[in-house]
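Visitor: Below you will find the structure I want to go over with you.
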Amino acid sequence: MKLVGIAGSIADQSYNRTLLNFIAKHFEGLVEIEVLNINDVPMFSQDDDQTNSDVIQNLSKKISAADGVIIATPEHNHSVPAALKNVIEWLSYEIHPFDGKPVMIVGDSYHTQGSSRAQLHLRQILEAPGVNAIVLPGNEFLLGKVKEAFDENGDLKDQGTVDFLQTTLQNFIKFAKVINLISKTNDYDDEDLSAKTGTDTTIQGIDMNDDNWLDLAAQKVNAVEGKTYVKLDSGLLTVDQLNYFLKTMPVELTYVDENNQFLYYNKAVSPEKMLAKRVPAQVGDSLDKVHPKIDRVIEHVKQVINSLRTGKTDLVSMAVPGKDETKHHIMHYYKAMHDEDGDYKGVNEWAVDIKPIVDQYLQATGQKLVKDPEAKIDATSGASKKSAPEEIKVDATSSASKH
């Protein structure tokens, strides 16, 4: 089980952070815990919405991906610290990663009460509408006289305290498993095709569904073009050369970023001649606008995207036969893209008619295709290290185009 920990203090010397680090280290054989940093979270303000900032988005993604959250809170004036309340404000305003998330509360203090009043207040905050966390009942871990509790290595000295902490953690693990099982839906249901969340590369201030998005966005960011050079991992090309290169690829390419915004296709021929029709006005659109407003189509798109995003598979392939099957056998491939740190960065889709390739091979080798009477047609099979999830069912209309 993977958990994240949040210390409610941003002080350089935080005993609550020490407590979380101890839990992560001492119980690593029981559970995997990543302690998150809230030091750089800006002051909450509805007039200055920074939901899309890197620090807020990172916290949201980490919490959403975790099986549960442990929050260690100090007690300031009989309540939670302002820094912790500030984080919860951001994570219950436009985004809601705590919604339905199992949460365990721990805390320590200089005095004997061990942040009891702050923990009680925090429970009320976490259960408020807009936060909607599911807090582990009972099992209060209140560490008092914290200055005396840890040794020089950051380990709890008292074995009885460690044993009680282990019991509390084991109860939370059982609790989180039950809550996650009850709350479990199809993973892809939460896949947001509207691209409203944004990423660090999203161009702000331009309506992404504007037909002139490309020109408006390029002007906004002073995008280079023409004979300006671009340094790539393994080459140096002008923008013009990049366009020549991509437009002459023997496949139709499409790029959708991690925010589900359709950003590029290699326009080599007119839309009417394309295997998957796309038009310039679609560039910049969110995926829910690019695809037909048909429930089964949207469901299948969510399945494909979510399977790639979550690592269930690294490649999804599907056959989309042309109108005249004697001339065409069109394959669509959806490949997950990642950055140097392994973080998901969108989908590389390519469409190719493999019938001419097969015909050329048969002609060159003098062979022919013979129907296998025992063959079972599988249109969903993909050439990936991890096979595509069984729940992805092919729909020939679900390619990233308008029909």
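Visitor: Determine the shape class of the range 28-122: with a ≥ b ≥ c the square roots of the Cα gyration tensor eigenvalues, call it rounded for a/c under 1.5, and otherwise prolate if a/b is greater than b/c, oblate otherwise. Kindly include the intermediate steps, with their values, before the conclusion.
Guide: Values: a/c = 2.06, a/b = 1.23, b/c = 1.67.
Oblate.
Visitor: Could I ask something else about it? For Asp67, what charge total do you get from the other residues with a beta carbon under 10 Å from its beta carbon, if Lys and Arg give +1 and Asp and Glu give -1? Provide the component values of the computation, followed by the final result.
Guide: Numbers: positive: Lys2, Lys101, Lys177; negative: Glu32.
Cβ neighbours under 10 Å give a net charge of +2.
Visitor: With +1 on each Lys and Arg Cβ and -1 on each Asp and Glu Cβ, and nothing else charged, work out how big the dipole of the range 234-297 is about its Cα centre, in Debye to the nearest 20.
Guide: On the way: 8 positive and 8 negative charges, 55 e Å.
Computed charge dipole of the range 234-297: roughly 260 debye.
Visitor: If you don't mind, another one. Who wins for biggest fluctuation among Ile294, Ile305, Ile125 in a Gaussian network model of the chain, springs between alpha carbons below 10 Å?
Guide: Ile294
Visitor: Further question: Given contacts defined as C-alpha pairs under 8 Å and at least six residues apart, what's the relative contact order of the chain, whole-number percent?
Guide: Details: 675 pairs, mean separation 45.9, N = 403.
This gives 11 percent for the chain.
Visitor: Once you have a ≥ b ≥ c as the square roots of the Cα gyration tensor eigenvalues for the range 206-279, tell me rounded if a/c is under 1.5, and otherwise prolate or oblate according to whether a/b is larger than b/c.
Guide: Taking the square roots of the gyration eigenvalues as a ≥ b ≥ c, the range 206-279 is oblate.
Visitor: Now for a different question. Go ahead and run the numbers for FRET between Gln113 and Asn58, Cβ-Cβ distance against an R0 of 35 Å, rounding to 0.05. Please report the intermediate quantities before stating the final value.
Guide: On the way: r = 33 Å, r/R0 = 0.95.
Rounded to the nearest 0.05, the efficiency is 0.60.
Visitor: If I take every Cα pair under 8 Å that is 6 or more residues apart in the range 210-363, average their sequence separation and divide by the length, what percent do I get for the relative contact order? Mind showing how you got there, number by number?
Guide: Details: 215 pairs, mean separation 31.2, N = 154.
Normalised by residue count, the contact order of the range 210-363 is 20 percent.
Visitor: Quick one: work out Rg over Rh on the C-alpha atoms of the range 143-292, Rh as Kirkwood radius. Present the calculation step by step, with values, prior to reporting the outcome.
Guide: Numbers: Rg = 26.1 Å, Rh = 20.6 Å.
Value, to two decimals: 1.27.
Visitor: Now for a separate question. Given the peptides 267-275, 26-34, arrange them by the average over their residues of other C-beta atoms within 10 Å, most packed first.
Guide: Details: 267-275: 12.9, 26-34: 14.6.
Result, highest mean first: 26-34, 267-275.
Visitor: While we're looking at this one, here's another question. Tell me, what is the per residue accessible area of the chain in Å², probe radius 1.4 Å? Could the numbers behind the result be given before it?
Guide: On the way: 22480 Å² over 403 residues.
Heavy-atom accessible area per residue stands at 56 Å².
Visitor: Treating the beta-carbon of each Lys and Arg as +1 and of each Asp and Glu as -1, no other charges, what is the dipole magnitude of the range 210-363 about its Cα centre, to the nearest 20 debye?
Guide: Dipole about the Cα centre, nearest 20: 340 debye.
Visitor: In whole Hz, with x marking every Gly and Pro, tabulate ³J(HN,Hα) for the range 347-354 from phi via Karplus 6.51 cos²θ - 1.76 cosθ + 1.60, θ = phi - 60°.
Guide: Each residue of the range 347-354 in turn: 10, 9, 9, 9, 10, 8, 8, 8 Hz.
Visitor: Using the structure shown, select from Lys277/Lys355; Lys85/Lys302; Lys196/Lys312; Lys25/Lys177; Lys101/Lys220; Lys312/Lys371 the pairs with a Cα to Cα distance greater than 29 angstrom. Intermediate results must be reported in sequence, preceding the final value.
Guide: Values: Lys277/Lys355 19 Å; Lys85/Lys302 34 Å; Lys196/Lys312 24 Å; Lys25/Lys177 21 Å; Lys101/Lys220 39 Å; Lys312/Lys371 33 Å.
Among Lys277/Lys355; Lys85/Lys302; Lys196/Lys312; Lys25/Lys177; Lys101/Lys220; Lys312/Lys371, the Cα-Cα distance tops 29 Å for Lys85/Lys302; Lys101/Lys220; Lys312/Lys371.
Visitor: Still on this model: Residues with amide H under 5 Å of Leu237's amide H, sequence separation 5 or more or different chain, H placed in the peptide plane at 1.01 Å from N; which?
Guide: Val230, Leu232
Visitor: Only one of the values (1) 33; (2) 23; (3) 17 was calculated from this structure for percent of Cα pairs over 40 Å apart; name its label.
Guide: (1)
Visitor: Note down the net charge around His121, summing +1 for each Lys or Arg and -1 for each Asp or Glu among other residues with Cβ under 10 Å from its Cβ. The partial results should precede the final answer.
Guide: Working: positive: Lys85, Arg117, Arg123; negative: Glu75.
Value of the local net charge: +2.
Visitor: Looking at the chain, what % of its DSSP beta bridges pair antiparallel, to the nearest 5? List each step's numbers first, then the result.
Guide: Working: 30 of 49 bridges.
Within the chain, antiparallel bridges account for around 60 percent of the total.
Visitor: Taking all protein chains in place and a 1.4 Å probe, what share, in percent, of the accessible surface of the chain do carbon and sulfur account for? Don't jump to the answer; show the numbers that get you there.
Guide: On the way: 11390 of 22480 Å².
On the chain, the fraction of accessible area on carbon and sulfur atoms equals 51 percent.
Visitor: Given H placed 1.01 Å from N in the peptide plane, which residues other than close sequence neighbours of Ile70 have an amide H under 5 Å from its amide H?
Guide: It is Val4, Gly5, Ile6, Met104, by chain and number.
The values are calculated or read from the model by the stated rules, or taken from the named source; none is laboratory data. Quantities reported herein were computed from a predicted structural model and do not represent experimental measurements. Backbone-built Cβ (ideal geometry, glycine too); neighbour counts: all protein chains shown. Just the protein is used for accessible areas: all its heavy atoms, side chains included, with ligands, DNA and RNA removed. Shrake-Rupley method; radii C 1.70, N 1.55, O 1.52, S 1.80 Å.
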